[in-house]
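Have a look at the structure below before the remarks.
The values are calculated or read from the model by the stated rules, or taken from the named source; none is laboratory data. Everything numeric here is computed off the predicted structure, so don't read it as measured data. Cβ: placed from backbone, ideal geometry, glycine included. Neighbour counts: every protein chain shown. These accessible areas exclude ligands, DNA and RNA; they are computed on the full protein's heavy atoms, side chains included. Shrake-Rupley method; radii C 1.70, N 1.55, O 1.52, S 1.80 Å.
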Amino acid sequence: FDDLSNNRSRHLRYQAMGEKLLSHVDHAPHPGVFILRGGDGDLRLLRNELEIAEHLRKSRGFRVLNPLKSDVPTIVAACAGARTVIGVEGSQLVHGVNVLQSGGSVMTLQPPNRFVSYYKYLTDRDHQNFGFVVGTPQGDGFTIDIEEVERTLDLLPA
């Protein structure tokens, strides 16, 4: 049943869960959602997180979601239909991944002192695309070059 972590059975269960969530909201396709991490959980402080989110909102039509200040229906509605889910690597991204359709993309913004590829396994399992940008240390956090984010997004399938 689940002797392998990301097998066909798990793929089908996650797909069914995503479809159930989507059945409650309009899920017309849109460019993407930037899911804020902020300062909660293990510290992965992206110093220019809001600047990147706002840039993607203006330049590419991304929605910006703060799951710490949103209820579940708002979270699902913001993520539903996204072609790309982006944000600092962490558990908050699963909100978007849960409803990301086959062919969609996940892009993680990686702290320079931590690299976790968990979302790569999920995207492979669910026939999606994966990309990442590694940041530059700055104090107790890090920054990400917006131009590198743009170039990496351009490499993902449309």
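Things to note:
- Check on ARG57, open to solvent by 90 Å² or more (accessible area, probe 1.4 Å), touching a residue at least 12 places away in the same chain (Cβ under 8 Å) and part of a strand (DSSP E or B): no
- Members of segment 104-143 that are closer than 18 Å to GLN92 by Cβ, free of Cβ contacts under 8 Å to residues at least 40 places away in the same chain and surrounded by fewer than 17 Cβ atoms within 10 Å (Cβ to Cβ): PHE115, VAL116, SER117, TYR118, LYS120, PHE130
- Test: VAL25 is in contact with a helix residue (DSSP H, G or I) (Cβ under 9 Å, 6 or more places away or on another chain) and at pLDDT 95 or above: no
- Every listed requirement among (1) closer than 20 Å to GLY18 by Cα; (2) over 14 Å from the mean Cα position of the chain (by Cα); (3) in a helix (DSSP H, G or I) is met by LEU50 save one, (1).
- Restricting segment 64-84 to residues that are open to solvent by less than 90 Å² (accessible area, probe 1.4 Å) and under 11 Å from HIS30 (Cα atoms), the residue that is nearest to the chain's Cα centre (by Cα) is THR84.
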